[in-house]
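Data block below; observations after.
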Amino acid sequence: EPEVTQTPSHQVTQMGQEVILRCVPISNHLYFYWYRQILGQKVEFLVSFYNNEISEKSEIFDDQFSVERPDGSNFTLKIRSTKLEDSAMYFCASSGLGGRYTEAFFGQGTRLTVV
Amino acid sequence: ELKVEQNPLFLSMQEGKNYTIYCNYSTTSDRLYWYRQDPGKSLESLFVLLSNGAVKQEGRLMASLDTKARLSTLHITAAVHDLSATYFCAATGGTSYGKLTFGQGTILTVHP
């Protein structure tokens, strides 16, 4: 069964460092998303991406964040200068042709710990 | 702006009992989802509800949707320990491109 895969599963970084979280969406999907979940809290939307551009972003997704689809298969989230409060589980998701009308499938997540 | 609220946030149940988790959302929504999350794990899709009156069942879980009341319920029948997890509802709607707005989650613990 097709699945969304994320790497790494766990990343520890020092405050102020740049991190790149990687995702391989399901191969024929066209809509891509990043969500985050701070420990013990709800899942929050960060950004959606379609046709090589951002469709929508939340207030959380400030200038420190960027997304890219560098090679047609990977979908990355970059945090330029990490802060302690960026520590969270980051989930990538993708959905098919129907976009808002099709179900998004989630990856297993990357746990980011900023020290 | 779409807001989603769940209650209760914590639910401690005895095995064999029934209970319902409620999910209210604030504006018109295209779809309502229920997810299960085990500690440290990803989100497992349980149900997708598309229209008013929709009811779906899988094992001991049954989900329903009332779009007029902007309410979805997740009913647990004869709970077993394996159902212990966090359950989230999430909704899409408005002009968003499939963006999911999640509720706070309900932490369910089933005791023997």
Open item on the list: What's the magnitude of the charge dipole for the protein assembly as shown around its Cα centre, counting Lys and Arg as +1 and Asp and Glu as -1 at the beta-carbon? Answer in Debye, nearest 20.
Closed with: 300
- [ ] Take every residue in peptide A:32-44, count the Cβ atoms of other chains within 10 Å of its Cβ, and give the average of those counts.
- [x] 4
Task: For chain B: lysine pairs under 22 Å (alpha-carbon distance), excluding those fewer than 8 apart on one chain - done: 6
Open item on the list: I'd like the FRET efficiency for A:Asn74 and B:Ser45, computed as 1/(1 + (r/R0)^6) with the beta carbon distance as r and R0 of 25 Å, rounded to 0.05.
Closed with: 0.60
Open item on the list: For the ranges B:3-15, B:34-46, what's the packing order if you count other beta-carbon atoms within 10 Å of each residue, average per peptide, and put the highest first?
Closed with: B:34-46, B:3-15
- [ ] Determine, from the Cβ-Cβ distance of B:Asp82 and B:Ser26 and an R0 of 30 Å, the FRET efficiency 1/(1 + (r/R0)^6), rounded to the nearest 0.05.
- [x] 0.35
Open item on the list: Can you compute the modelled spin-label distance between A:Glu1 and A:Asn51, with each label point 7 Å from Cα toward Cβ, in nm?
Closed with: 3.2
Task: Added length on full extension, which subtracts the Cα-Cα distance from 0.36 nm per residue, A:Leu84 to A:Ser9 - done: 25.2 nm
- [ ] Obtain the nm distance between the two label points defined at B:Met62 and A:Arg111 by a simple spin-label model: each point lies 7 Å from its Cα along the Cα-to-C-beta direction.
- [x] 3.7
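Every number here is computed from the coordinates shown, using simple stated rules; none is lab data. Being a predicted model, the structure only gives us computed values, none of them experimental. Please note: Cβ atoms are built from the backbone with ideal geometry, for glycine as well, and neighbour counts cover all protein chains shown.
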